[in-house]
1. How would you rank Leu30, Leu101, going from fewest to most other Cβ atoms within 10 Å of each one's own Cβ?
2. Which of Ala96, Phe52, His63 sits closest to the plus end of the dipole of segment 46-114, meaning its Cα is farthest towards the positive end, when Lys and Arg get +1 and Asp and Glu get -1 on the C-beta?
3. Beyond a 24 Å Cα-Cα separation, which of these cross-linked pairs lie in this structure: Lys33/Lys64; Lys33/Lys67; Lys64/Lys92; Lys67/Lys92?
4. So how much slack lies between Ser26 and Val88, counting 0.36 nm per residue of separation and subtracting their Cα-Cα distance, in nm?
5. Along segment 78-94, what does the Karplus equation 6.51 cos²θ - 1.76 cosθ + 1.60 (θ = phi - 60°) give for ³J(HN,Hα), rounded to whole Hz, x for Gly and Pro?
6. Straight distance only, please: which aspartates and glutamates reach the Cα of Lys17 with their own Cα at less than 12 Å, same-chain residues fewer than 8 apart left out?
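No lab work stands behind these numbers, since they all come straight from the coordinates. Because the structure is a prediction, the values reported are computed rather than measured. Because the Cβ atoms are built from the backbone with ideal geometry, glycine has one as well, and the counts that use them run over all protein chains shown.
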Amino acid sequence: MDLGFLCSIFPKVRNQKLAKSISDVSWTSLVSKLRYKAARYGKEVISISRWFPSSQICSDCGHKDGKKPLHVRERICPVCLSHHDRDVNAAKNILAYTRVLAIQIQTGTAGIAW
């Protein structure tokens, strides 16, 4: 976790360990509330690894292009030549991946690599 980023979120907290603790509690609280609301409406919250390469995979053809610096906001897939906005592409890949995970959970095959 980038402690510099956390300190920019909590500028009044000079202690980086304290900033990280505050962030962890906030994130845990958010996830807890999401799970509560989902259960209330008969839904399920599915978590994916923070290392899932959502912005590196073409959402159209599945080609994995590798890491790009954060300032690269748009790209063209070298295989299918489709144009992607980084965030929209990542959202499509996360949606597709969570659908696969949901099916694996329902069929009891969760844990098998995608």
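1. Details: Leu30 10, Leu101 17.
In order of increasing Cβ crowding within 10 Å: Leu30, Leu101.
2. Phe52
3. On the way: Lys33/Lys64 34 Å; Lys33/Lys67 32 Å; Lys64/Lys92 14 Å; Lys67/Lys92 17 Å.
Correct reply: Lys33/Lys64; Lys33/Lys67.
4. My answer for the length gained is 19.8 nm.
5. x, 8, 9, 6, 7, 8, 10, 7, 4, 6, 5, 4, 4, 4, 5, 5, 5
6. Partners within reach: Asp2.
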